[in-house]
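Enquirer: Below is a structure I'd like to ask you about.
The values are calculated or read from the model by the stated rules, or taken from the named source; none is laboratory data. What you see is a predicted model; the values in this text were computed from it and never measured. When we count neighbours, we look across all protein chains shown, and the Cβ atoms used for this are built from the backbone with ideal geometry, even at glycine. Surface areas here come from the heavy atoms of the whole protein model, side chains and all, with no ligands, DNA or RNA. Shrake-Rupley method; radii C 1.70, N 1.55, O 1.52, S 1.80 Å.
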Amino acid sequence: WEAGILAALRPTLAAHGIDGPDDALLEAFARHEAEVEAGPYQRYREVLGSVLTAMLGHRGAEPSAAEAATFGGSVVDWPAFPDSPAALVRLHDRFRLGVITNCDDDLFAASQAKLGVAFDWVVTAEQTKRYKPNPRGFELMFERVGIPPSRILHVAQSLYHDHVPAKRLGLSTVWVDRRGDRPGFGATPPAEATPDLTL
C-alpha cells in the first residue's frame, strides 16, 4: 500500500511544487487519514480526497477537484505485495479466509482481483460505515463467520488499525511487519500492541 500511496501522491504534490522524503509523506498521510476516518463516515474515495486536501493545505496549496478524485480512485492501481497472492492461495487450500478492509466495496474488488483469491467473507468500511480501529468491522465479521473469535486468527500489517482492536476483542494475531528494520510506522499511525507472532 505504501508504494501505491506514494505513486499516487507524488504527481499531484509535484504539480504544486511539493516534495519530501517518502517516510515524511507517509507519516503525514497516516495522520490525516486517521483524523478523517475518525470523523463522520465518508466513502474511502472521499477520505483520500480529504487527506490530499489536508496534506496540500499544510503547504499553502489546494488540489483541484480532478486531482482529489484521481487520488481517491487510485486504490485500484495500488499493487499487492508480491508474496501475498501465492500465500493466500496456499492458505485457502486449508482455511476459510475473510478480510476486513478500510475500503469501499468497488475499490476492494480491484484489490481482490490483484490478490487472485476469492475471500469467503468480505467486510468493508462502506458496509459498516466505520473505519478500523473502530471495532464494528470485526463485529460484523464475527456475525458473518458464525464461529467463536477464539477460532479466528487475524493477520495484518497495521498495529493501529488491526492489532489494537483485534487484541481488545480477544483474537489471536499475526503481525506481518512490512517495514522490518526501517524506523517509524509509515502510512499507519503509531500504536502499541502485542501480536502473538511477528513475521
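Enquirer: Could you grab me the full set of residues in the range 32-55 that are more than 19 Å from Arg130 (Cβ to Cβ) and surrounded by fewer than 19 Cβ atoms within 10 Å (Cβ to Cβ)?
Expert: Thr53, Ala54
Enquirer: Taking only the range 19-31 into account, find how many residues are of a type in the set (Gly, Ala, Ser) and surrounded by 16 or more Cβ atoms within 10 Å (Cβ to Cβ).
Expert: If we filter the range 19-31 for residues that are of a type in the set (Gly, Ala, Ser), which is where we start, we get 20, 24, 28, 30.
Of the ones still in play, those that are also surrounded by 16 or more Cβ atoms within 10 Å (Cβ to Cβ) are 28, 30.
Qualifying residue count, the range 19-31: 2.
Enquirer: Return yes or no: is Leu48 in a helix (DSSP H, G or I) and within 22 Å of Thr124 (Cβ to Cβ)?
Expert: Yes, satisfied.
Enquirer: Separate question: Report every pair of residues separated by at least 6 positions or lying on different chains whose Cβ atoms are under 6 Å apart, first residue within the range 187-199 and touching a residue at least 24 places away in the same chain (Cβ under 8 Å) and surrounded by 11 or more Cβ atoms within 10 Å (Cβ to Cβ), second part of a strand (DSSP E or B) and among the polar types (S, T, N, Q).
Expert: Pro195/Thr173; Asp196/Ser172; Asp196/Thr173
Enquirer: From the list Arg31, Arg10, pick out the single residue that is basic (Lys, Arg) and closer than 20 Å to Leu159 by Cα.
Expert: Checking each option against the conditions leaves just Arg31.
Enquirer: Of all residues in the range 115-137 being open to solvent by 20 Å² or more (accessible area, probe 1.4 Å) and under 11 Å from Leu88 (Cβ atoms), which is nearest to the chain's Cα centre (by Cα)?
Expert: The extreme case among them is Leu115.
Enquirer: Any idea how many residues of the range 156-186 are of a type in the set (A, V, I, L, M), open to solvent by 30 Å² or more (accessible area, probe 1.4 Å) and within 23 Å of Arg31 (Cα to Cα)?
Expert: Taking the range 156-186 and keeping what is of a type in the set (A, V, I, L, M), we get 156, 159, 164, 166, 169, 171, 174, 176.
With the extra rule that they be open to solvent by 30 Å² or more (accessible area, probe 1.4 Å), the set shrinks to 164, 169, 176.
Within this subset, residues satisfying the condition of being within 23 Å of Arg31 (Cα to Cα) are 164, 176.
Total meeting the criteria: 2.
Enquirer: Here is a follow-up. For a quick check of your reading of the model, give me the residue pairs whose first member lies in the range 75-89 and is assigned to a loop (DSSP other than H, G, I, E, B), whose second is open to solvent by 50 Å² or more (accessible area, probe 1.4 Å), with beta-carbon atoms closer than 8 Å and at least 6 apart or on different chains.
Expert: Trp78/Trp1; Trp78/Ala3; Trp78/Ala7; Pro79/Ala3; Pro79/Lys114; Ala80/Lys114; Phe81/Arg178
Enquirer: Could you give every pair whose Cβ atoms fall below 7 Å, whose first residue belongs to the range 13-42 and is modelled with pLDDT of 95 or more, and whose second residue is of a type in the set (Phe, Trp, Tyr) and open to solvent by less than 20 Å² (accessible area, probe 1.4 Å), counting only separations of at least 6 or pairs across chains?
Expert: Note: pairs meeting the criteria are Glu37/Tyr131.
Enquirer: Looking only at residues that are closer than 15 Å to Arg179 by Cβ and either open to solvent by 50 Å² or more (accessible area, probe 1.4 Å) or of a type in the set (Val, Ile, Thr) (or both) in the range 1-12, which one is modelled with the lowest pLDDT?
Expert: Filtering first and then ranking leaves Trp1.
Enquirer: Looking only at the range 111-126, decide whether some residue is under 30 Å from Leu25 (Cα atoms), touching a helix residue (DSSP H, G or I) at 6+ places or on another chain (Cβ under 9 Å) and either of a type in the set (Asp, Glu) or touching a residue at least 40 places away in the same chain (Cβ under 8 Å) (or both).
Expert: The answer is yes, given that some residue of the range 111-126 is under 30 Å from Leu25 (Cα atoms), touching a helix residue (DSSP H, G or I) at 6+ places or on another chain (Cβ under 9 Å) and either of a type in the set (Asp, Glu) or touching a residue at least 40 places away in the same chain (Cβ under 8 Å) (or both).
Enquirer: Restricting attention to the range 56-68, and to residues there that are among the small types (Gly, Ala, Ser) and under 17 Å from Gly17 (Cβ atoms), which single residue is surrounded by the most Cβ atoms within 10 Å (Cβ to Cβ)?
Expert: Ala61
Enquirer: Among the listed residues Leu140, Leu107, identify the single one that is under 22 Å from Trp78 (Cβ atoms) and buried (at least 17 other Cβ atoms within 10 Å of the Cβ). Steps first, answer last, please.
Expert: Working: Leu140 fails: under 22 Å from Trp78 (Cβ atoms).
None of the others qualify; the one that does is Leu107.
Enquirer: Under 9 Å between Cβ atoms, at least 6 apart or on separate chains: pull out the pairs that start in the range 134-159 with a residue that is free of Cβ contacts under 8 Å to residues at least 24 places away in the same chain and end on any residue that is of a type in the set (Asp, Glu) and open to solvent by 60 Å² or more (accessible area, probe 1.4 Å).
Expert: Leu153/Asp196
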